[in-house]
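Below is one structure, written out as structure tokens; comments come after it.
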Amino acid sequence: MPFYCEMKWLHITEFFVTLPNMKILFIPNWRVNRLSTDVPTIQAPDKQVLGEPYWFFKYFPEGTQVDIIDIGKENQFRKIEHKIKFYLVQPWKAFRARKRYDLVISHGAQSGLVYELLTSFVKRKPQHLMFDIGGLNGARVNHTEMPLIRWALRKAPHIIVHASRQLSLYAKHYPKLAPKATFIPFGNDVDYFTPKEVAMKKQILTFGKAKRDNDTLCKAFSGIADKKGYKLVVVGAGALKEKYPDGDIEFLDPMPLKDLVTLSRESAFIVVPLPEYLYSYGQMSFLQSMALGKALIVTETTSSADYISDTPGVERVQPYDVGDMKAALQRMMASDFATLQQRGLANREFVTSHFSERQMAERIVKFISTFLNFYPPPNSLTL
């Protein structure tokens, strides 16, 4: 198993015991739907249901209060924010609200960088924990951007990443941040994504519009002479349709989550072809597929290596390697449905044992307790 960080994961109730009613402000770099009743087809990070705890915070100790300031609705100013690749209004709102909270958690550098910059000019403030999903600036080695990032983060907030290789980015380019950065695996909702008995079809599924190397997959599949009756179904990559008019490749538009889950369950196996970037991406796709009990082919990259290295039901391929992908496809296509189902159930057991949403929450709580060392009584801050 990959190495998470040097700490013993204890049960969540061993922490926060001195901190009933802790107040957390969460600032994600996406819009959260406010719902009066639950809509199961909307994924947990994208919804806040009235009267229910939000996302992984439902596994935090009882009494923890979490408020959310998201990026808001699309408007003209948001177009400017998209262009500069940073959010401005949301971090400003969080900065103004900070006095009411014990801890601020930002999810994504587009929000976290700006919030940290604003708070760097005040002497006292709540602790700031930043989830860096995109390598600060997309992990670009840009000698104009990087000094600005170092300056904005000069007070060095604590950082959580979901890919251990990403830690090398800080060690090499942001040495002041390196001691404050820790790898905690992403956790999947294993209660929503579950296997079901369905008739399996001779179809291979891949999905995801952004950060996918569907070209390598399609090229590899097209190069297989004996496809053994299989077809490849590609969801969300319609731009490749003209390049691969092969009748054995079907291109579908993006679809609602419930339809994608149904399509996943009836597919023989799933492929998650990833390009290489030095940050997290694609993890929800392959972890959800594993939780559904599917056998997989996954590109071994910075983002996936921690999750698939010891997984019995996953064929690992190298990035951009058509030959490697072709061989993996042929091995999977040569397997009977019973073998594929057995490998898929092994994936389900593995992800449930190691990468559940509850486990992620417990690790985050332990991180807060161990590294932030910040458990004052509620409302004790004076800024």
Over the range 201-354, what is the relative contact order in percent, taking alpha-carbon pairs closer than 8 angstrom and at least six residues apart?
25 percent
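Calculate the tail of P(r) for the range 186-246: the fraction of all Cα-Cα distances greater than 18 Å, expressed in %.
Values: 903 of 1830 pairs.
Result: 49 percent of Cα pairs exceed 18 Å.
Just want to confirm a number: the relative contact order over the chain, from Cα pairs under 8 angstrom separated by 6+ residues, in percent. Spell out each step's value before the answer.
On the way: 732 pairs, mean separation 73.6, N = 383.
Once divided by the residue count of the chain, the mean separation gives 19 percent.
Around LYS176, under 12 Å between beta carbons, what's the net of Lys plus Arg minus Asp minus Glu among the other residues? Let's see the in-between values first.
On the way: positive: ARG150, ARG154, LYS155, LYS180; negative: none.
Net local charge, LYS176 excluded: +4.
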Cα extents of the range 25-141 along the three principal axes, largest first (Å)
40, 33, 26
For the range 201-354, take every pair of Cα atoms, bin their distances at 5 Å starting from 0, and report each bin as a whole percent.
2, 10, 21, 24, 24, 15, 4, 1, 0
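Tell me the mean residue ellipticity at 222 nm calculated for the chain from its helices only (DSSP H runs of n ≥ 4, each -39500 (n - 2.57), averaged over every residue, nearest 500). Spell out each step's value before the answer.
On the way: 13 runs with 121 residues, N = 383.
Dividing the helical sum by the residues of the chain leaves -9000 deg cm²/dmol.
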Between PHE337 and MET284, what is the label-to-label distance in nm when each label sits 7 Å out along the Cα-to-Cβ direction?
3.1 nm
In the Gaussian network model of the chain, springs joining C-alpha atoms below 10 Å, which of ASN188, ASN214, ASN75 carries the largest mean-square fluctuation?
ASN75
Under 5 Å between amide hydrogens, which residues at least 5 positions from PHE131 or on another chain qualify, with H placed 1.01 Å from N in the peptide plane?
SER106, HIS107, GLY108, ILE160
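For ALA199 and ILE84, what is the calculated FRET efficiency with R₀ set at 45 Å and r taken between the beta-carbons, to the nearest 0.05? Walk me through the numbers on the way to the answer.
On the way: r = 49 Å, r/R0 = 1.10.
It comes out at approximately 0.35.
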From the residues GLN283, VAL261, VAL122, which one has its Cα farthest along the dipole of the chain in the positive direction, the dipole being from +1 and -1 charges on Cβ of Lys/Arg and Asp/Glu about the Cα centre?
VAL122
Anchor LYS93: aspartates and glutamates whose Cα lies under 14 Å away (excluding residues fewer than 8 positions away in-chain)
ASP67, ASP70, GLU116
Give the order of HIS354, HIS162, HIS128 when sorted by the count of other beta carbons within 10 angstrom, beginning with the fewest.
HIS354, HIS162, HIS128
Cα convex hull volume per residue for the chain (Å³)
147 Å³
The size of the Cβ-based charge dipole (Lys, Arg +1; Asp, Glu -1) of the range 201-354 about the Cα centre, to the nearest 20 debye, is 340 debye
Give me the distance between the Cα centres of the range 214-260 and the range 116-164, rounded to whole Å.
39 Å
FRET efficiency (GLN65, ARG124; Cβ distance; R0 22 Å; to 0.05) is 0.60
Two-site label geometry, LYS172 and GLN330: point separation in nm, points 7 Å out along Cα→Cβ:
3.5 nm
Taking amide H positions as placed 1.01 Å from N in the peptide plane, with prolines and chain starts having none, which residues 5 or more places from ASN188, or on another chain, fall under 5 Å of its amide H?
SER356, GLU357
Along the Cα→Cβ direction, 7 angstrom out, place labels at LYS155 and LYS219. What is the inter-label distance in nm?
4.8 nm
Comparing PRO175, PRO91, PRO126 in a Gaussian network model of the chain (Cα, 10 Å), the one with the largest mean-square fluctuation is PRO175
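Would you mind getting me the FRET efficiency between GLU349 and THR41? Use the beta-carbon distance for r and R0 = 30 Å, nearest 0.05. Numbers along the way, then the final one.
Numbers: r = 26 Å, r/R0 = 0.85.
E between GLU349 and THR41, to the nearest 0.05, is 0.70.
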Cut-off 10 angstrom, C-alpha nodes, Gaussian network model of the chain. Which of THR194, THR299, THR144 fluctuates the most?
THR144
Largest-first principal axis extents of the Cα set of the range 87-195 (Å):
50, 36, 24
Could you compute the net charge surrounding ARG358? Neighbours are other residues with a C-beta less than 11 Å from the C-beta of ARG358; K and R count +1, D and E count -1.
-2
To the nearest 20 debye, what is the magnitude of the charge dipole of the chain about its Cα centre, counting +1 on the Cβ of each Lys and Arg and -1 on the Cβ of each Asp and Glu?
1420 debye
Report the number of Lys pairs in the range 201-354 whose alpha-carbons are under 13 Å apart, with separation of 8 or more residues or on distinct chains.
10
How big is the Rg/Rh ratio for the range 34-87, C-alpha atoms only, Rh by Kirkwood, two decimals?
1.08
Taking 8 Å as the Cα distance limit and 6 or more residues as the minimum spacing, I'd like the relative contact order of the range 108-258 as a percentage.
15 percent
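No lab work stands behind these numbers, since they all come straight from the coordinates. A quick note: this is a predicted structure, and the numbers were derived from the prediction, not measured. Heads up, the Cβs are rebuilt from the backbone with ideal geometry, glycines too, and the neighbour counts pull from every protein chain shown.
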